[in-house]
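Report on the following structure.
The values are calculated or read from the model by the stated rules, or taken from the named source; none is laboratory data. For clarity, every value in this text was computed on a predicted model and none was experimentally measured. Here Cβ is always computed from backbone atoms with ideal geometry, including for glycine, and neighbour counts include all displayed protein chains.
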């Protein structure tokens, strides 16, 4: 696993680890802005059903490779020093953090667009899968698997 990207079991990587990684990057003296995206478990699905919990799994080797490639590609953009994508795996309750995306660069005008690109790309490209546990209006729990690509429709 590189310090720039990867999947991690819940509890083994934190937001503070990502920030520390950024500050330890060669060229950090050029950084004037760090921007973050923190994905959390929503209390309801995009269709309005109540979420009980999520389980996340990944094709880990391919997910690590994909996330690292996205970061490496985006670090080539003007003014960007460091891009990190860290997705957590395991079982998560409503409000739990799932993913950290960090972009460090010379100015906010550089980092903000790259943050958006990083989030959109990992959602489309990384083989990360969610099992959603929802509770219907009668209190019955239903589960189903979906991919990152399906979660924002």
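Quick check: anything in segment 32-45 assigned to a helix (DSSP H, G or I), in contact with a strand residue (DSSP E or B) (Cβ under 6 Å, 6 or more places away or on another chain), in contact (Cβ under 8 Å) with a residue 40 or more places away in the chain and farther than 21 Å from residue 126 by Cα? No, the conditions are met nowhere in segment 32-45.
Each row is one residue, and each column tells you yes or no for (1) buried (at least 16 other Cβ atoms within 10 Å of the Cβ); (2) closer than 19 Å to residue 101 by Cα.
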residue	(1), (2)
24	no, yes
28	no, yes
33	yes, yes
40	no, yes
43	no, no
46	no, no
49	no, no
58	yes, yes
64	yes, yes
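Note on segment 68-78: among residues that are touching a helix residue (DSSP H, G or I) at 6+ places or on another chain (Cβ under 6 Å) and crowded, with 17+ Cβ neighbours inside 10 Å, the one that is nearest to residue 26 (Cα to Cα) is 74.
Checking each residue of segment 94-110 against the condition of being touching a residue at least 24 places away in the same chain (Cβ under 8 Å), in contact with a helix residue (DSSP H, G or I) (Cβ under 7 Å, 6 or more places away or on another chain) and in a helix (DSSP H, G or I) gives no match.
Of everything in segment 125-143 that is exposed (fewer than 13 other Cβ atoms within 10 Å of the Cβ) and either touching a strand residue (DSSP E or B) at 6+ places or on another chain (Cβ under 6 Å) or at pLDDT 95 or above (or both), the residue that is nearest to residue 62 (Cα to Cα) is 143. Please verify whether residue 19 is under 18 Å from residue 129 (Cα atoms) and either within 15 Å of the chain's Cα centre (by Cα) or part of a helix (DSSP H, G or I) (or both), treating the condition exactly as stated. The answer is no for residue 19. Any residue that is over 14 Å from the mean Cα position of the chain (by Cα) and part of a strand (DSSP E or B) - is there at least one of those in segment 70-78? Taking every residue of segment 70-78 in turn, none turns out to be over 14 Å from the mean Cα position of the chain (by Cα) and part of a strand (DSSP E or B).
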